[in-house]
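The next block holds one structure in the form of structure tokens; read it before the comments.
The values are calculated or read from the model by the stated rules, or taken from the named source; none is laboratory data. Worth saying up front: this structure is predicted, and the values here are computed from it rather than measured. So basically every Cβ, Gly included, is an ideal-geometry build from the backbone, and we count neighbours across all protein chains shown. With ligands, DNA and RNA removed, areas are computed over all heavy atoms of the protein, side chains included. Shrake-Rupley method; radii C 1.70, N 1.55, O 1.52, S 1.80 Å.
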Amino acid sequence: MVDGELRENELLLKASGLFHRGQVYSIRCGAKSTLLRQRKGITLGAKITLYDAQDLEVAYVERELFRLMPHYNIHLNNGRQLHLRKEFQFFRNDFSVEDEEGDSMQVEGSLFGYDFRLFDRGQLRMACRKKLLSWGDSYEIHIPSPQDAPAMLAVMLAIDNAVHDDDNDQ
């Protein structure tokens, strides 16, 4: 993002939900804007359903309980499933993502959980940076392939839940 303007393959994910039931995310891609909503019920562990602006389910994320390290199952509306698992690392927030065929992607995270990069076979699939000075949580997300956006957003929300909301979901 340069001077507040987004490039073609960048998203700005802004969370607002202080007084709402569930979180509302506004997503801006270039001049276009849309809404993606997260609904969290009162449950054990995180259960997050993402809806698009037409109120169609895009993805469902659920945290598995009774795991030493956070583990999430991500169900996409196209039938694809991903499994996100936090790796044991000192001074880093690294994750692995596997699909149902067993193909693995690696997520490299910073110490405080503000920067993440997801790689698939050495290729960058997503880069994310949490903006520090903003009202509510805001993330600048770079996704080179637009068709990957729903999956990458679901992965990023699971990572954010694992890193920043961990105490609230236990």
**Message:** Could you report the accessible area of MET69 in Å², rounded to 10, computed with a 1.4 Å probe on the protein chains as they sit in the structure?
**Reply:** 50
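Compare ARG129, ARG121 by solvent-accessible area with a 1.4 Å probe and give them largest first, with all protein chains kept in place.
The ordering from most to least exposed comes out as ARG121, ARG129.
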**Prompt:** Taking R0 as 30 Å, what's the FRET efficiency between GLU100 and LYS131 from their Cβ-Cβ distance, rounded to 0.05?
**Reply:** 0.35
**ARG63 - accessible surface, heavy atoms, 1.4 Å probe, Å² rounded to 10** = 20
**Request:** Could you tell me the accessible area of VAL58 in Å² (1.4 Å probe, neighbours in place), rounded to the nearest ten?
**Result:** 20
**Asked** How big is the Rg/Rh ratio for segment 45-170, C-alpha atoms only, Rh by Kirkwood, two decimals?
**Response** 0.93
